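Q: Provided herewith is a single structure, encoded as structure tokens, for subsequent inquiry.
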Ligand code: DC
């Protein structure tokens with residue numbers, strides 16, 4: 001029997017991270033944030049001053065990178081080649097540049113492989129854009145979370161503020177719209193909602209309501 005995968009896909013700010021972490025905790029599953037992996041590679045490319053057009057170097061870089069997602073003192077930490085970059089990967093600049101990294105097939109394949117490895121040992125709650133479509137097409141439960149653009153921008157704004165990062169609301173909203181456009185329209189592994197997904201619009205739902213919905217879907221699946 002393959003380990004159980006709850007795939008949570010959806011656009012930025014739809015509540016994936018918040019909800020996925022709580023669901024994972026409640027079920028004692030491993031939580032994996034795949035966006036953090038794309039962000040970490042983007043940060044590394046920026047630090048090494050590799051231009052985003054230089055696919056060859058970017059792929060080489062990705063092959064020689066170690067990314068660890070670690071649950072530490074109640075916090076999810078992202079380590080890039082052994083260094084904690086949990087906060088650094090959340091800046092608007094990294095968010096913007098991630099679309100370059102995310103559109104390179106070879107890089108996605110490297111990350112897919114890392115992502116699939118987690119299932120060998122753990123039941124997973126994995127979030128991203130292509131978890132149910134590409135990483136685990138055979139995931140036992142696929143959830144698509146969505147919310148209005150305004151609401152998603154508001155959430156991102158508050159999330160950044162909590163981290164001590166102050167950013168203009170309109171800028172964030174514009175950034176989200178541009179990212180949606182890129183995520184949904186890119187050629188390689190675009191964000192799509194297949195028929196096998198449960199669609200949840202979280203705009204007017206509380207976090208608890210979304211969590212409860214997913215847990216009840218999970219219970220239905222295992223009975
Ligand atoms: O979920 P996030 O905002 O941290 O994701 C950052 C970027 O990475 C986003 O522009 C889409 C991309 N991404 C992706 O292409 N595939 C994934 N599985 C996760 C994220």
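Q: So which of 89, 110, 104 ends up being touching a residue at least 40 places away in the same chain (Cβ under 8 Å) and within 10 Å of the ligand (Cβ to nearest atom)?
A: 89
Q: Going through region 117-130 one residue at a time, which ones are surrounded by 14 or more Cβ atoms within 10 Å (Cβ to Cβ) and more than 11 Å from the ligand (Cβ to nearest atom)?
A: Listed by number, the residues that qualify are 118, 119, 122, 123, 124, 125.
Q: I've got another one for you. Does residue 98 satisfy being within 26 Å of residue 181 (Cα to Cα), buried (at least 18 other Cβ atoms within 10 Å of the Cβ) and touching a residue at least 24 places away in the same chain (Cβ under 8 Å)? Outline the logic, then answer.
A: On the way: within 26 Å of residue 181 (Cα to Cα): yes; buried (at least 18 other Cβ atoms within 10 Å of the Cβ): yes; touching a residue at least 24 places away in the same chain (Cβ under 8 Å): yes.
Judged against the criteria, residue 98 is a match.
Q: I'm told residue 195 meets every condition in (1) more than 14 Å from the ligand (Cβ to nearest atom); (2) surrounded by 15 or more Cβ atoms within 10 Å (Cβ to Cβ); (3) under 28 Å from residue 26 (Cβ atoms) except one. Can you identify the failing condition by its number?
A: (2)
Q: Still on this structure: Kindly indicate whether residue 211 is within 18 Å of the chain's Cα centre (by Cα), more than 25 Å from residue 103 (Cβ to Cβ) and in contact (Cβ under 8 Å) with a residue 60 or more places away in the chain. Give the derivation first.
A: On the way: within 18 Å of the chain's Cα centre (by Cα): yes; more than 25 Å from residue 103 (Cβ to Cβ): yes; in contact (Cβ under 8 Å) with a residue 60 or more places away in the chain: yes.
So residue 211 fits the description; yes.
Q: With 27, 58 as the choices, which residue is touching a strand residue (DSSP E or B) at 6+ places or on another chain (Cβ under 9 Å) and away from the ligand (no atom under 14 Å from the Cβ)?
A: 27
Each reported figure results from applying straightforward, stated rules to the coordinates on display, with no laboratory input. Predicted, not measured: the structure shown is a model, and the values here were computed from it. Cβ sites come from the backbone with ideal geometry, for glycine too, and all protein chains shown count toward neighbours.
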